[in-house]
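Working notes, beginning with the structure itself.
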Amino acid sequence: MEKIMSEYTKVQRELIHLLHDAQSKFGYIPAQMISQISRELKISESEIFGVLTFYKAFTLKPRGEHLITICMGTACHVRGAPMILDEFERKLGIKAGETSEDNQFTLETVNCVGACALGPIAIADGDYHGQMKTREVDEIIKKLKQEKRKSSE
Amino acid sequence: MMDEFNPTKLDEIRAKISESQKEKKKCITVCGGTGCHAYGCLKVAEAFKDEIKKQNLQDSVDVRITGCHGFCERGPITVIQPEGIFYQRIQLKDIREVISETIINKKIVDRLLYTEPRTKEKIVLEEEVPFYKKQRRIIFGNNGFIDPTDINDYIALDGYKALVKVLFDMTSEEVIADIKASGLKGRGGAGFLAGKKWEICRENNSDVKYIICNADEGDPGAYMDRSLLEGNPHSVIEGMVIGAYAIGASLGFIYVRMEYPLAVKNITLAVEQAKSLGLLGETILGSEFKFDIRIFRGAGAFVSGEETSLMASIEGRRAFPRQRPPYPAQEGLWGKPTNINNVETWANVPLVINKGAEWYSGIGTKNSKGTKIFSLVGKINNTGLVEVPMGMKLREIIYDIGGGIKDNKKFKAVQTGGPSGGCVPADKLDLAIDFESLTRAGSMMGSGGMIVMDEDTCMVDVARYFLDFTQEESCGKCVPCRIGTRQLVDILTRITQGKGDEKDLEKLNDLSKSVKDGSLCGLGQTAPNPVLTTIRYFRHEYEAHIKEKSCPALVCKDLIIYNIEPDKCVGCLLCLKNCPVDAISGERKKVHVIDQELCIKCGACLDVCPPKVSAVSKYTGNKKDRILKKASRQRVQK
């Protein structure tokens, strides 16, 4: 955390850069980080909290091991993205924006990833799955689970 | 090194690169846009490189991963230069054959060619493919030749020539006069004259001025800015340096959406390369002009595409819009005069300088000059990015370039302008597309998203989708936007659930007007547009939902049922096995039945039923009620 801080001049305009770096390093913004930024940048904690909850890029809770993102752009919407999202929610037992209890999966939506030719799209741990069908949802989840098993063996 | 760098050096570099490119006779270009990435283009390019090495051809054949070619539907795309042979949907197993046949034996591999769906004719050359034929790719065309990670590729294609001209032969007033004369309008949505905007900013005296490239392309379904940043980042940088010179700015920001990782990567690299060649920084190209660019990653808020919110975000605050005036050109970033233009606008600038304002203003219509890149997506055969002269007819874009509607369905509407825009219905297919005509039709140009909708798209659902979006993205500062959009969503949702009443349409209209009038920024002022245009053109669909409780497009879940047709079902058990809630009963070779009380309408059965059988149908309205009644009668009998 100190390393992240040391890379920036300590002024308000660096706040969002700082939060980006912390988010990608820890996977969320830890509470201590907020008080530390507050001290260093001389911004109140409430304001930092306001900024980080305003933007979708930042989370206060850690994400699960696997991140599944469903594109909800217009092109994906007219091609049936809501059905794909429903299926993921059903299969994982969580709603969009939630993390499963065993901390394995986080399900999120995004407004558009700009790969509209492939819609509807699901992105699982950075891999794009285009022209999704509801029946393919299960396969993706199973594959992610298997990868985990393989890596732990 | 930077002190010594000057226009002559730039020319030398250019000559040297074109010489070395000539030596290699052939170049295999592989499209490296986000779409093709998702299709696996990197592996294809690697395989090409390996095969070329194996055949010992590396001295005569080059492999280049280029920017987006635009025809995302047919990715991964490979074009063999200099002939321009166009191979589509290329797979790893095809690589060896392409090298041995096309490169060595100079023969065409037929099965990789694009087939014109109507005439079944195979097309060899990229420029002959109908998708490209009617386009005029003056901004976007170089994408297919340039490796965006290599500044030399851009320089070789006359890159930074406009900058040299501006810095050494033109005053800033002349630059502004040129941009004004060209008629270039901002491509971000509002369509304000770029030269005029620059002039206002220039005339405001200040020790420090800023310029910003707005790459927070938030409209869902629009991705031309991303493709420019990914595929030809230096054209944007060159445009910005020219703009900075004209305005007198010393620092520029590129505010790019974090949802576009490849664009962030390529533009960051491009800025570094430009700096190392002295095209950014102190004494640019040996002149006295200094200017630098910083990249700012957005953090996922749609409203930050609005210029005053964007500036708040760069300042490290919540992206809240503020009252205008003062306009950014008067008081912008940290209170200093600031000029904001969108990615595509900046990319147009070098072209205007190179080719002249007169040439540029010769393209397009009376009030809208130049070309516009549209992202043609949705229920269309040829999904992709298309660049056409302003004033092209909607019909030409959708049918000639876009290849018509998917699965031979009927065209219903095209949605332009993102969540702020509206729907243009089928009877306006002959509309010549420019800023003014779209506004008259109740929609807007926006950043250039064109989402095509067919008979299977429910317009009430589309309106609800957009309002859901703007409601979620409303920053909450103004009450009419924060609460009004919520109310609009609630009413629309009720209608899609079959709970609408006859006064709802009136309510939607009234409320929409209040939200438009009472909101501070563009988000709220335009948010009701999707509702207003769908009511204007598709009132009958609203009425069907409200009065008959039916969804004519068979989309709204609460108004439809799925049914297995007894005369078509072959009893293959497929739907039964795939039903997530076990609502389907039946045995092998016996007709399956859906229990309507258990069914959650996920559509899995329709999805898996083999096309040859297609026994699953959707029903709404009276037919739906009849089937439900029959089913309940049968239950009672049992």
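Any read-out appearing in this document is the output of simple, stated calculations on the displayed coordinates, not a laboratory observation. Just so we're clear, the structure is a prediction, and the values are computed from it rather than from any experiment. Using ideal geometry, Cβ is built from the backbone for each residue, glycine included, and neighbour counts are taken over all protein chains shown.
Between residue B:599 and residue B:483, the FRET efficiency estimated from the beta carbon spacing at R0 = 41 angstrom works out to 0.70. Scattering from the C-alpha atoms of segment A:1-144 alone, worked out with Debye: what is log10 I(q)/I(0) at q = 0.10, 0.15, 0.18 1/Å? Values returned for q = 0.10, 0.15, 0.18 Å⁻¹ are -0.42, -0.79, -0.96.
Report the semi-axes of the equivalent ellipsoid for segment B:13-144 in whole Å, largest first, where each axis is √(5λ) for an eigenvalue λ of the Cα gyration tensor.
Numbers: eigenvalues 98, 68, 44 Å².
So the three semi-axes of segment B:13-144 are 22, 18, 15 Å.
Of B:356, B:220, B:330, which is farthest towards the positive pole of segment B:206-360's charge dipole, taken about the Cα centre with +1 and -1 on the beta-carbons of Lys, Arg and Asp, Glu respectively? Farthest towards the positive pole: B:330.
Once Rg and the Kirkwood radius are both taken over the C-alpha atoms of segment B:159-361, their ratio Rg/Rh works out to 0.93.
What is the extension gain from residue B:269 to residue B:20, computed as 0.36 nm multiplied by their sequence separation minus the C-alpha to C-alpha distance, in nm to one decimal? Here the answer is 87.3 nm. When the GluC sites (Glu not before Pro) in segment B:1-99 are filtered for DSSP coil states and for at most 12 other beta-carbon atoms within 10 Å of their beta-carbon, the remaining sites are B:4.
For segment B:365-408, applying the loop criterion from DSSP together with a ceiling of 14 other beta carbons within 10 Å to the trypsin sites (Lys or Arg not before Pro) yields B:366.
Report the local net charge at residue B:227: Lys and Arg +1, Asp and Glu -1, summed over other residues whose C-beta lies under 11 Å from its C-beta.
For residues surrounding residue B:227, the net value is -4.
Modelled spin-label separation between residue A:101 and residue B:502, with each label point placed 7 Å from Cα along the Cα-to-Cβ direction: 5.1 nm.
Using 0.36 nm per residue, how much length does the chain from residue B:128 to residue B:585 gain when fully extended, once their Cα-Cα distance is taken away?
Working: separation 457, 0.36 × 457 = 164.52 nm, distance 5.28 nm.
Full-extension gain reported as 159.2 nm.
Positive-end ranking of B:146, B:240, B:493 along the dipole of the protein assembly as shown, with charges on Cβ about the Cα centre, is headed by B:493. Between amide H atoms placed 1.01 Å from N, distances below 5 Å from residue B:301 occur with A:56, all of them 5 or more places distant or on a separate chain.
Electrostatic tally near residue A:139: other residues with Cβ closer than 12 Å to its Cβ, Lys and Arg +1, Asp and Glu -1, net +3.
Can you compute the charge dipole magnitude of the protein assembly as shown about its Cα centre, using +1 on each Lys and Arg Cβ and -1 on each Asp and Glu Cβ, nothing else charged? Give it in debye, rounded to the nearest 20.
Details: 112 positive and 106 negative charges, 530 e Å.
Value, rounded to 20: 2540 debye.
Simple point charges give the picture: +1 on the Cβ of Lys and Arg, -1 on the Cβ of Asp and Glu, and for chain B a dipole about the Cα centre of about 2540 debye.
Would you mind working out the magnitude of the charge dipole of segment B:264-404 relative to its Cα centre, with +1 at each Lys and Arg C-beta and -1 at each Asp and Glu C-beta, to the nearest 20 Debye?
Working: 17 positive and 13 negative charges, 78 e Å.
The calculation lands at about 380 debye.
Compared with the dominant Cα axis of chain B, that is its longest principal axis, helix B:261-276 is turned about 0°. When all alpha carbon pairs of the protein assembly as shown are counted in 20 Å bins from zero, the resulting P(r) reads 15, 47, 32, 5, 0 %. Farthest towards the positive end of the charge dipole of the protein assembly as shown, among the residues B:252, A:29, B:583, is the Cα of B:583, using unit charges on the Cβ of Lys, Arg, Asp and Glu.
Looking at segment B:376-467, which chymotrypsin sites (Phe, Trp or Tyr not before Pro) are in a loop (DSSP not H, G, I, E or B) and have at most 14 other Cβ atoms within 10 Å? Intermediate values should be presented prior to the final figure.
Working: sites: B:399, B:411, B:435, B:465, B:466; in loops: none.
Sparse-neighbourhood loop chymotrypsin sites (Phe, Trp or Tyr not before Pro): none present.
Between residue B:427 and residue B:361, full extension at 0.36 nm per residue minus the direct alpha carbon distance yields a gain of 20.8 nm.
Averaging over all projection directions, find the projected area of the Cα convex hull of chain B and quote it in nm² with one decimal place.
Details: hull surface 126.4 nm².
Reported value for the Cα convex hull: 31.6 nm².
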